[in-house]
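Accompanying notes for the structure given below.
The values are calculated or read from the model by the stated rules, or taken from the named source; none is laboratory data. Nothing here was measured: the structure is a model prediction, and the numbers come from that model. Here the Cβ positions follow ideal geometry from the backbone for every residue, glycine too, while neighbour counts run over all protein chains shown. Side chains included, ligands, DNA and RNA excluded: accessible areas come from the protein's heavy atoms. Shrake-Rupley method; radii C 1.70, N 1.55, O 1.52, S 1.80 Å.
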Amino acid sequence: MKNNSGAGSKVISIILGAIIGGFMWRCRGDGGFGSSWGLYSVGLVLMLLIYHFYGNRKGMKYEMIPLGGLMLGLSVTGYATVLEQLAGVVWSDLPYSGEMLNGLEPVFTGPNGDVYAPIDHISGAVIIFLMAFTLIPLFAFFVTSLFSGKEYKIKHYIIAVAVYMVSQTIFKASLSHFIIQLINPDQVAYAAMGLEECGLEFSSPMSAYMSHFLDRGWTQDIPFFENYYMSIEHISDALAVFALSAYALIFRKDKYTGFGSLILNLLTAVTTTVLTPLVSSHFDSGFFKGVEFPQIFRKFATWGTWEFVTGFFIGLFVMAFLAFTAGKNKENDTCDMSPLIADKKINFAFNFVLTVFILGVTPGRAIGIRFARLLVHTGVLADDEPLGTILTVVLSVIFGVFMIKIMSKNILGKDSNTFDMSPVRFAKIALPSYLGMCFIVYFFFDNVGIRYIKEDITVPIMLVASALIAAIYISLRKMQQRKSIFSYV
């Protein structure tokens, strides 16, 4: 068996990557998925797609699929509070009674007292760029490492995660506070004003941050301070991305991963920054002053639209990068079925935890929570708790028991991998199955998204995306089964 490297297959992989990326990133932002949980699903699906087209390579074992999903979720921070900065405003959902910076009036005050205060729009754009630069850092590192030609073991990924997280923590306690003072001094001043508004006596926003280190919840009760907190997060994460690439370049001697991951992060940063107008509340200030086209987007676009387009470009960039570069590194004639860890018991334990968490708990949580909320919306229940949690636990336990039987038979008995099949075959089964599950829970669970097809443009976009994914994927599989030019065998 050989990987399909034809131009037609590469084009299809890029198209599917873009549409699936958009579909899953929008699911990621909805109830039941959300934050890291949603990103685990995005990462898993993108890994399944990658394996569908490129899975016949040394080192691309089954375990790398759920591990890739985990990697995408590990690096999430949050971005909602800083998106308005590109328009030259900093947002606070808390009332503020004091005077604005330099005597300026707020750009906008909402009915609940939320305030949009003026800042330099170029400084705001820098913060948005840094935020977008850190949407997929560990995932970008992980994916490129699989195609680098260098051998990466579990210990190398543990070191990589440690380098990233330790670096960002160090920067949060040090350099990032001085950087934000340089690139966005107005935001620092507003944070100080918010502390004063609440009667909190700190010598600086940095001292307040350090007194409640890594406690985002504390910042949410202080006007403007959550923006400061999240900006520190984004600056620190961006610096940690370079530390991660330095690990690949210096310690692993791996230019492909070191520079490739930076390229993917940079492409994501550029497009996300440009796409921020889709959800900005203000189009008559900052970069948008006198520009008419964002008004058209705002008339139809929603938060979900922005999420879809963000994921669309992330999926596109990942698959396009592999289409243009993956062929330069050595391929295998057969799938890698060798065990990830030599010790059977340790390999069993590692596979069990990773598989159950990514393939069991993550979708089980989405199904359980959204089904419970569906019962609330239909009037069957008054509250989605504790049923949502109970369903999550029950579904996860059922899957876990099922996996114990399967893995005992395959890993301990046959010296095979988790599902006793090639990773490529597993991807071909799991990809449509997981996407189908996401389709059902997104459109027909919770508040039943399908009912908003006339109210939210994202819903018909998701329907069209679903139809395109199904049509392209079914056609692709039929051609592969006929051993056409797109076939692996």
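Here are the numbers for this structure:
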read-out	value
Met421 being outside any helix (DSSP H, G or I), open to solvent by less than 60 Å² (accessible area, probe 1.4 Å) and within 27 Å of Ile14 (Cα to Cα)	yes
Matching residues in region 78-107 - criterion: being touching a Ser or Thr at 6+ places or on another chain (Cβ under 7 Å) and at pLDDT below 75	Val107
Condition broken by Ser13, with the remaining ones in (1) at pLDDT 90 or above; (2) under 26 Å from Arg365 (Cβ atoms); (3) part of a helix (DSSP H, G or I) satisfied	(2)
Criterion violated by Val380 - all others in (1) over 25 Å from the mean Cα position of the chain (by Cα); (2) assigned to a helix (DSSP H, G or I); (3) farther than 20 Å from Ala430 by Cβ satisfied	(2)
Qualifying position, being part of a strand (DSSP E or B) and surrounded by fewer than 24 Cβ atoms within 10 Å (Cβ to Cβ), among Tyr96, Tyr116	Tyr116
Those residues of region 157-174 which are in contact (Cβ under 8 Å) with a residue 12 or more places away in the chain and outside any helix (DSSP H, G or I), in sequence order	Ala173
Some residue of region 176-187 being within 18 Å of Met131 (Cβ to Cβ), in contact with a strand residue (DSSP E or B) (Cβ under 8 Å, 6 or more places away or on another chain) and assigned to a helix (DSSP H, G or I)	yes
